[in-house]
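Below is one structure; the comments refer to it alone.
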């Protein structure tokens, strides 16, 4: 099941996020209509943007996504800031 914008809005901040490779990506830090920002508490400067279409599901308090840290977009460019302003 893929998440849509109505379901993504209800994601709790702090939910653990696990990538397609089974490795933890961090925790949900911010939620927007079409993506979530995931923060690794050990490396706060390495926030990731996870698009809603990459969310596979939420089970047992863990959000599972179809991407890995290597394939996720890091949050450090102007396009993410622009998207935040319009969500």
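The numbers here are math on the coordinates, done by the rules we state, and not lab data. Please read all numbers here as calculations on a predicted model, not as lab measurements. Cβ placement follows ideal geometry from the backbone for every residue including glycine, while neighbour counts extend to all protein chains displayed.
Across segment 33-51, the residues whose backbone nitrogen lies under 18 Å from the label position 7 Å along the beta-carbon direction of residue 16 are 38-43. Between residue 42 and residue 9, the simple spin-label model (points 7 angstrom out along Cα→Cβ) gives 3.6 nm.
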